[in-house]
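Novice: Can you read through this structure? Questions will come right after.
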Amino acid sequence: MNQKITIVTIISFMFSISAFSQKMISGKIIDAADKQPLIGAIIQLQLGGLGVVSDGQGNFEIKTDDNSDIVILKYLGYEEARLEITSTSSDLGTIELVRANTTLDEIIVSASPNNYKNEFKGSNFRISPLALKNINPLSTEEVLRMVPGVNILGEMGLSNRPNISIRGSWGRRSKKVLLMEDGTPSAPAPYIAPGAYYNPVSDRITSIEVYKGADMLRYGPNNMYGAINYITALPSQKPELRVKLIGGQRNYQTGLLSYGGTWNNLGVLIESVYKKFDGFTDNSSVEVLNLNAKVFAKLSDNQSLYFKVSGQFEDNQASLSSQTPFTFETDPTQNPLAADQFTMRRYGVDIIHKWLPKENLSFTSKIYASDFERDWWRQITAKVKASELKNYVGDEIFNQRYSYLSSETFGEEDYVIVGRVLNGRESTSDSRWTYTVSGIKETMNLQWDAFGEKQKLEASFNLHRETFKDRFLVADSSRWARNGRTASDLRYRLWSANGFIRNEFNIGKWSITPILRFEHVDMYRQDLIAVAQNPNINSTEEGREPNIYNQFLLGITVDYRIRNGEFYGSIYQGMIAPSKVFGFLVEQDGIVTNPLAGQSINIDPELSWNREIGWRGSLLHNRLDGQITYFNNTSRNFYAGGRNEVFQELGKINVQGLELAFGAELFHISQHQLRLTGSVNFMQSKVLEGKLLDKDLFSQVIHSSATKNEYINKVNANRGAYEVYIVDGTNGEVLLTDEVIDQSDFQNITKSIITFGNEGIENAEAPYTPSWNANIGVNYNWNDFSVGVSGNYVSQQFTEFQNFINESSDGAIGQLPSFFTMDAFINYDFSIKKKTSLTLFVNGKNITNEIYRASRLNRATSGVFGGGFRQIIFGVNMKI
């Protein structure tokens, strides 16, 4: 018995000595450049033992059995750090890791809570990884509502085709916003066809940056209003398997599976994402599959290589048509167009090599390419009086698709969008687009000394090529047909040689950064059906309509650094490249026409002068951070105003406003933290000059009595601003010269041309420029638990240059009322045996189930698009 007690005592004593000899080493790891925490950095001991990784604030703790050891700190893209520990050291304090000279911007994701990027000169906004984790967005548009200056034209989808407006740009398909993924333009054809028919799924994105200042000239071609850079996940510091599963209402499903890690100087990530959603309305389901992989390798002390390949596939019951005011008010979930189908596939590749021949000189070479194809079968539609609907479609179709209207009482101005019935059959059409994009870009960065400071010179040159095949097919046999007669077949090709030179002059607290960009574009359009009808063609070059132009763009940013912040101001000339919409026209003395035989195409880019002044930084010992910017942008050579709204005499538009973004720590006591975040945007727009033709207004729009009276009153109040044309039984279309028009004239009107400016309408606003946008949220964190709620407000906004307040019977025109929505989230983080980390989450979107009009995106084609209804999702994010 005594012997057993002695052995137990000795063993217990040995364990107590071992435990007593262990020491806990702690510290915090940050980026030496921007002082922000590095999440997931690897911390190891030279004498062995299990390593650890830094947490969401860059903090770490690691145990050692020895009083003397060396802590090794590693992070992909940074120089390795080694710190010696002694018997007296336990808290290593804040440790700064220096970015390796070979590091590429494409693999850096800052964990900063700040809502801006210091390296970008001028105004910009940054959405952090933490914000994206909390939101668990259905779509990228949901996140971008947080950005001051951004307005979303809602379409009830997953933003596979986002509709983003920045500082007053026309938002349909984000055509006048430059979209990028990891720094590479992501639109199918950024010059010829910049519409965003591809968008990365939100689950792949770890951060979003929105650029709006003069440094926009580093990017092109469409740099007039702003750019959005989606930053995707990079390889983790330790080998890691990630599984994310989400479910929700309306059969919402998301599955993400990835594996990656860093082995010495090699980082690898392989990732797949699958999404499925039945949609907010009937017949609007979507399936998306994304596969991607990326590799980062440090080849030597002065060379690195980055490789990324991706593929995205989509099958979507997307429709251009939506609802009339009558059907929207009756049941906003209805959509009878079950045969509409959008399918697409996109492949993309980026290869980037960085070489430093000297410590202060680097050359970055990028090769990029993408291949995109889509088919969009859309049922041909008609607008029918609700009272005549059953007679038009027949009993069978009415009972299948419109039975929800059986008990309704119909008014004279109630209309329904239906599938057109001709000769007893419904029909369909296909918009079939194929794009290829490729390019090579070389960028030089040189640091040089002057004025006792480091100066930074950057120069870049880019060769870029696009091809675009635009075919339109018609099938009269059935709405389900998937082949048909080719009605049009257009081919486009473009070459661009572009580049910029930029120097950051640093003089004490001042920084002056001039930038000059150059664009040379050579493109053509070819009507293949028209060419084929000519029996005398001698080569494949017959019928090409060329447009060649050059453009210089100049900008400058001045900033003054103060304690915990800086003041900045910039001015630059922005550009929207002539696309397929307006790139093949003739302009003479400001008047735009289609080219006649023998005329040379000479349309220039849309141009603007963009000015801004602002402040960004932190106050109250970093408890309050943010930015505020005043901007004033004036665009000219303005042709493509909106869908079927064109300036026959080129327009000039001014948009100005005030943007505010902030984050405030309301309290932080022990493990309890309450933080307020928000953004507010005030904006005013004014059409300064130009003559505009709205092609839909009298050929497609079904007017209500309210819009008829409103138009008549507008004309009679400012008769000189309107050229009104009517059908005369004898002379055809003629200009109406009567001083006053009335209802009898209205029914004969064929078109109306408006003059803006001093000789016409002086107070017209641009479409989709609401005076106020605001997004305010409050988040509470306690240990590993977090909860938050946010609200989003958009004030009333016009949807066309005519600025109709009243709504037409088909919903094509009219002011959108203001709306307010609320979202909420709950997250809980925990670990299993320190090897598996999990996050459980629940998110509520539009939790008050606000029913509101979000856009009239396709105008006479679509009518009203509502915003997304209440949607609850829940899921788990697991890392092993």
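Novice: Count the DSSP beta bridges whose two residues both fall in the chain, then state the antiparallel fraction as a percent rounded to the nearest 5.
Specialist: Within the chain, antiparallel bridges account for around 95 percent of the total.
Novice: Under the Karplus relation 6.51 cos²θ - 1.76 cosθ + 1.60, θ = phi - 60°, what is the ordered set of whole-Hz ³J(HN,Hα) values for region 275-291, x standing for Gly and Pro?
Specialist: With the stated coefficients, region 275-291 comes to 10, 9, 7, 6, x, 7, 10, 4, 6, 9, 6, 8, 10, 9, 10, 10, 10 Hz.
Novice: In addition: I'm checking a number: the convex hull volume of the Cα atoms of region 688-810, normalised per residue, in Å³. What is it? Intermediate results must be reported in sequence, preceding the final value.
Specialist: Values: hull volume 17.8 nm³, N = 123.
Roughly 145 Å³ of hull volume per residue.
Novice: Ok, one more. What number comes out for the charge environment of GLU458, summing +1 per Lys or Arg and -1 per Asp or Glu over other residues with Cβ under 15 Å away?
Specialist: In short, +4.
Novice: Going Cα to Cα from LYS691, which lysines come in below 30 Å? Please leave out same-chain ones fewer than 8 positions away.
Specialist: Cα-Cα hits under 30 Å: LYS175, LYS176, LYS212, LYS383, LYS580, LYS652, LYS708, LYS714, LYS751.
Novice: For region 671-744, what does the equivalent ellipsoid look like in terms of its semi-axes, each the square root of 5 times an eigenvalue of the Cα gyration tensor, given largest first in whole Å?
Specialist: Working through the eigenvalues yields semi-axes of 44, 15, 13 Å.
Novice: Same structure again: Using only Cα positions of region 216-309, each an equal point scatterer, no hydration layer, compute I(q)/I(0) via Debye at q = 0.10, 0.17 Å⁻¹ and quote the log10 values to two decimals.
Specialist: -0.45, -0.91
Novice: Please list, ordered by chain and number, the residues whose modelled amide H lies under 5 Å from the amide H of ILE29; skip anything fewer than 5 residues away on the same chain.
Specialist: For ILE29, the qualifying residues are LEU38, ASN59, ILE95.
Novice: Quick one: what are the phi-derived ³J(HN,Hα) couplings along region 185-190, Karplus 6.51/-1.76/1.60 with θ = phi - 60°, whole Hz, x for glycine and proline?
Specialist: Here the 3J(HN,Hα) series is x, 10, 4, x, 8, x Hz.
Novice: Note down the accessible area of TYR347, probe 1.4 Å, to the nearest 10 Å².
Specialist: 110
Novice: If you take the Cα Rg of region 294-340 and divide it by 2.2 N^0.38 Å, with N the number of residues, what do you get?
Specialist: 2.51
Novice: Using Cα-Cα distances under 8 Å and only pairs 6 or more residues apart, what relative contact order does the chain have, in percent?
Specialist: That works out to 9 percent.
Novice: I want to verify the translational diffusion coefficient of region 772-817 in µm²/s; compute it with Stokes-Einstein, Rh as the Kirkwood radius over Cα pairs, at 37 °C and 0.692 mPa s. Could the numbers behind the result be given before it?
Specialist: Values: Rh = 13.5 Å.
Roughly 243 µm²/s, to the nearest whole number.
Novice: How much of the pair distance distribution for region 528-656 lies past 24 Å, counting alpha-carbon pairs only, in percent? Write down the numbers at each step before the final one.
Specialist: On the way: 4304 of 8256 pairs.
In whole percent, the long-distance tail amounts to 52.
Novice: If you don't mind, there's one more thing I want to ask. Name the long-range amide H neighbours of ASN806: under 5 Å, sequence gap of 5 or more, or other chain; modelled H, no Pro or chain starts.
Specialist: Hits under the 5 Å cutoff: GLN815.
Novice: Follow-up. Simple spin-label model, 7 Å along Cα-to-Cβ: GLU453 to ASP604 in nm?
Specialist: In this crude spin-label approximation the distance works out to 3.5 nm.
Novice: How big is the charge dipole of the chain about its Cα centre, in debye rounded to the nearest 20, if each Lys and Arg gets +1 on its Cβ and each Asp and Glu gets -1 on its Cβ?
Specialist: 2280
Novice: Using a 1.4 Å probe, what is the accessible area per residue for the chain, in Å²? Mind showing how you got there, number by number?
Specialist: Details: 36980 Å² over 880 residues.
On a per-residue basis, the chain sits at 42 Å².
Novice: Quick check on region 142-204: take the gyration tensor over C-alpha atoms, sort the square-rooted eigenvalues as a ≥ b ≥ c, and tell me if it's rounded (a/c under 1.5), prolate or oblate.
Specialist: Rounded, because the longest to shortest axis ratio a/c is under 1.5.
Novice: Further question: Compute the long axis of helix 705-717 from its Cα atoms, compare it with the longest principal axis of the Cα atoms of the chain, and write down the angle in degrees, 0 to 90, nearest 10.
Specialist: 80
Novice: Per-residue HN-Hα couplings for region 223-232, Karplus 6.51 cos²θ - 1.76 cosθ + 1.60 at θ = phi - 60°, whole Hz, x for Gly and Pro?
Specialist: Residue by residue, region 223-232 yields 10, 6, 10, x, 9, 10, 10, 7, 9, 8 Hz.
Novice: Something else: I need the per residue convex hull volume for region 536-576, using only the alpha carbons, in cubic angstrom as a whole number.
Specialist: 100
Novice: With everything on Cα atoms, drop me the angle between helix 2-21 and the longest principal axis of the chain, reported from 0 to 90° to the nearest 10.
Specialist: Long axis of 2-21 versus the principal axis of the chain: about 50 degrees.
Novice: State the three equivalent ellipsoid semi-axes of region 303-399, derived from the C-alpha gyration tensor as the square roots of 5 times its eigenvalues, in descending order and whole Å.
Specialist: 53, 14, 9
Novice: Still on this structure, I have one more. Could you grab the Rg to Rh ratio for region 828-880? Cα atoms only, Kirkwood for Rh.
Specialist: My calculation puts Rg/Rh at 1.33.
Novice: If you take every residue apart from LEU241 with its C-beta less than 12 Å away from the C-beta of LEU241, what net charge results, scoring Lys and Arg +1 and Asp and Glu -1?
Specialist: It works out to a net charge of +3.
The values are calculated or read from the model by the stated rules, or taken from the named source; none is laboratory data. All of these numbers come straight from a predicted model, not from anything done at the bench. Cβ sites come from the backbone with ideal geometry, for glycine too, and all protein chains shown count toward neighbours. Please note that ligands, DNA and RNA were not included when accessible areas were found on the heavy atoms of the full protein model with its side chains. Shrake-Rupley method; radii C 1.70, N 1.55, O 1.52, S 1.80 Å.
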